[in-house]
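K.L.:
Input: one structure, supplied below.
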Amino acid sequence: MKILRSFFKFIFSRVFLVSFLLLIQIILLVAFVFSWQYNEWFSALYSFLYILGGFLIVKVICDKSNPSYKIAWIIPILVFPVFGSLFYLIFGNTALSRRAKKKLAGIETRMKTEFTHIPNISDAIRADDPLAANQSDYIKNYAYCPPHSGTYTEYLPTGETKWLKMLEELEKAERFIFLEYFIIEDGKMWSSILEILERKASQGVDVRLIFDDMGCIQILPFGYEKTLEKKGIKTGVFNPYKPVLVGSLNNRDHRKICVIDGISGFTGGINLADEYINAIEKHGHWKDTSIFIKGSAVWNLTVMFLSMWDYVKGTNENYTLYRPNEKAISEIKAKGIVQPFSDSPFDDEPVGETVYINLISKAHDYVYITTPYLIVDNEILTALSNAAKSGVDVRIITPHVADKPLVHITTRSYYKQLVEDGVKIYEYTPGFIHAKTFVVDDVYAVVGTINLDYRSLYLHFECATWLYKTDSVLSVKDDFFKTLDESAEYTLEMCNRQSVLSKIIAALCRLFAPLM
């Protein structure tokens, strides 16, 4: 009876119904092409699609997209010129409409404008370390997010610590609460947060939430945003999952942002669901991390949220209303530089990837990385290998327990080349590690939402915090070694032990990794 109920619940769920309608469209598209097989015009249609495939290949080659992404599309277009071309037009063409470009350009302009009042500390960073200034300037110039001094940071090494700290800070809210998360799921974690949000909203606090529809489609009821609105929580849904074959289905809001009164903020890998605090077990023990920020750098997170709110809701907010209390900000004292930043899939600038490559290429002593997925392009692969060959201690921790089997196979397909080049790979044996952290030379760290995979680096809206000489940098390093104690090294012998079939499957997964 329980199995039957689960079956009916699934087939009447929105994810099934929408996916079924998408499948029907694909079947109709295929049937339409084959229906021309006995038509006198079939040869003309086939010739047109074949020629179209040739033009598309030229277009793909000339695009600014990553070469691996190009290859992953060129192969199906060459092998299956009819259907490869059609599916590229539907799913692979990421060009924006004129209206969407105008909308995003306006948001970009707003972001630049809203940071003009922030004191320019680039010269002070350059006087301390020109290499650090170069990295910071790149983020400021291409993500439009400036660096800040005098901001307190606290590295939160588990979902449980982030959850408790977040509850504590939410209770302090007097003006506004902004939340932006990829996944929200009913349970112990979300219900405790929701209770505070509802209570604060009733007290006149401006409470807003953005969630990604794809991230929540299997776990939130349809129309959940209306339920939240009734509780006084203003809600926006990013890119609602609709039964229409369009490439924008690939673009998701993968950011995790919490802002309280413009003074306190959080970001990192932790979503608002019970597996992140190990209240339930999903893939073994769930290891994740976050960064708590208090001070002027929170303004970066505030602007990120409001720009996304404008994009999702079609509004034009007055950002100055949400600036923090200057007196409260001035009382916060801390060393180091804090620079939260965002990354958009639509600006032809791979900010997240470039930040990571800058960290790897400028390392002198070590680079320590945690990531749930290691599905990288040639640029990052080369940077990691070159660093290790140059004597830098490069170590990466990935999960031992997979959340997605094919993705895990693809991750492992990169191990051999990296290990041969001197990179040390470890797998977190208690379960799944979802943390996305870099720490370099006791000087730099990045904590955020950006995975080392094509989706995060090229298709998703992401965010992270770049840290320079803050106390939290060493906290990231200490946590890395604690996690290392619970991880097992993946040796070259283990890589060579794979069967021929496993190697073939891994090679195919790796070839089409950019499309996963």
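K.L.:
What's the number of the only condition in (1) crowded, with 21+ Cβ neighbours inside 10 Å; (2) in contact with a Lys or Arg (Cβ under 8 Å, 6 or more places away or on another chain) that D442 fails to meet?
P.N.:
(1)
K.L.:
Looking at region 234-245, is at least one residue surrounded by fewer than 19 Cβ atoms within 10 Å (Cβ to Cβ), assigned to a helix (DSSP H, G or I) and either outside the structural domain of T302 (by TED's automatic domain parsing) or without any contact (Cβ under 8 Å) to a residue 60 or more places away in the chain (or both)?
P.N.:
No, region 234-245 contains no residue that is surrounded by fewer than 19 Cβ atoms within 10 Å (Cβ to Cβ), assigned to a helix (DSSP H, G or I) and either outside the structural domain of T302 (by TED's automatic domain parsing) or without any contact (Cβ under 8 Å) to a residue 60 or more places away in the chain (or both).
K.L.:
Moving on. For region 265-286, give me each residue that is among the small types (G, A, S), surrounded by fewer than 24 Cβ atoms within 10 Å (Cβ to Cβ) and touching a strand residue (DSSP E or B) at 6+ places or on another chain (Cβ under 6 Å). Before the answer, list the steps.
P.N.:
Narrowing region 265-286 to residues among the small types (G, A, S): 265, 268-269, 273, 279, 284.
Remaining after also requiring surrounded by fewer than 24 Cβ atoms within 10 Å (Cβ to Cβ): 279, 284.
Once the filter is applied, which keeps residues that are among the small types (G, A, S), surrounded by fewer than 24 Cβ atoms within 10 Å (Cβ to Cβ) and touching a strand residue (DSSP E or B) at 6+ places or on another chain (Cβ under 6 Å), region 265-286 yields only G284.
K.L.:
Given the condition surrounded by 23 or more Cβ atoms within 10 Å (Cβ to Cβ), touching an Asp or Glu at 6+ places or on another chain (Cβ under 8 Å), modelled with pLDDT under 95 and assigned to a strand (DSSP E or B), answer yes or no: does some residue in region 304-312 qualify?
P.N.:
No, every residue in region 304-312 fails to be surrounded by 23 or more Cβ atoms within 10 Å (Cβ to Cβ), touching an Asp or Glu at 6+ places or on another chain (Cβ under 8 Å), modelled with pLDDT under 95 and assigned to a strand (DSSP E or B).
K.L.:
Also, quick follow-up: Which residue is surrounded by the fewest Cβ atoms within 10 Å (Cβ to Cβ), if the candidates are limited to region 356-374 and must be over 17 Å from T465 (Cβ atoms) and more than 18 Å from the chain's Cα centre (by Cα)?
P.N.:
So in region 356-374, the residues over 17 Å from T465 (Cβ atoms) come out as 357, 360-367, 372-374.
Right, trim to more than 18 Å from the chain's Cα centre (by Cα) and you get 360-367.
Values: I360: 23, S361: 16, K362: 17, A363: 21, H364: 13, D365: 11, Y366: 16, V367: 26.
My answer is D365.
K.L.:
Can you tell me which condition I329 does not meet? The list is (1) outside the structural domain of Y415 (by TED's automatic domain parsing); (2) in a strand (DSSP E or B); (3) of a type in the set (V, I, T), and all the others hold.
P.N.:
Among (1) outside the structural domain of Y415 (by TED's automatic domain parsing); (2) in a strand (DSSP E or B); (3) of a type in the set (V, I, T), I329 violates only (2).
K.L.:
Do we have L484 as out of contact with any Phe, Trp or Tyr (no Cβ under 7 Å at 6 or more places or on another chain), of a type in the set (A, V, I, L, M, F, W, C) and outside the structural domain of K335 (by TED's automatic domain parsing) here?
P.N.:
no
K.L.:
Regarding F178, is this residue among the aromatic types (F, W, Y) and closer than 20 Å to H434 by Cα?
P.N.:
Numbers: among the aromatic types (F, W, Y): yes; closer than 20 Å to H434 by Cα: no.
For F178, the condition - among the aromatic types (F, W, Y) and closer than 20 Å to H434 by Cα - is not met.
K.L.:
Given the conditions (1) touching a Cys at 6+ places or on another chain (Cβ under 9 Å); (2) in a helix (DSSP H, G or I), which single one is not true for K482?
P.N.:
Against the list (1) touching a Cys at 6+ places or on another chain (Cβ under 9 Å); (2) in a helix (DSSP H, G or I), K482 comes up short only on (1).
K.L.:
Could I ask something else about it? Please tell me if G268 is closer than 19 Å to E168 by Cα and touching a residue at least 24 places away in the same chain (Cβ under 8 Å).
P.N.:
Taking the combined requirement at face value, the residue satisfies it.
K.L.:
Can you name the condition, by its number, that F346 falls short on among (1) hydrophobic (A, V, I, L, M, F, W, C); (2) surrounded by fewer than 23 Cβ atoms within 10 Å (Cβ to Cβ); (3) in the same structural domain as L474 (by TED's automatic domain parsing)?
P.N.:
Against the list (1) hydrophobic (A, V, I, L, M, F, W, C); (2) surrounded by fewer than 23 Cβ atoms within 10 Å (Cβ to Cβ); (3) in the same structural domain as L474 (by TED's automatic domain parsing), F346 comes up short only on (3).
The values are calculated or read from the model by the stated rules, or taken from the named source; none is laboratory data. Predicted model only: the values in this text are computed from it and were never measured. Note: ideal-geometry Cβ built from the backbone for every residue, glycine included; neighbour counts use all protein chains shown.
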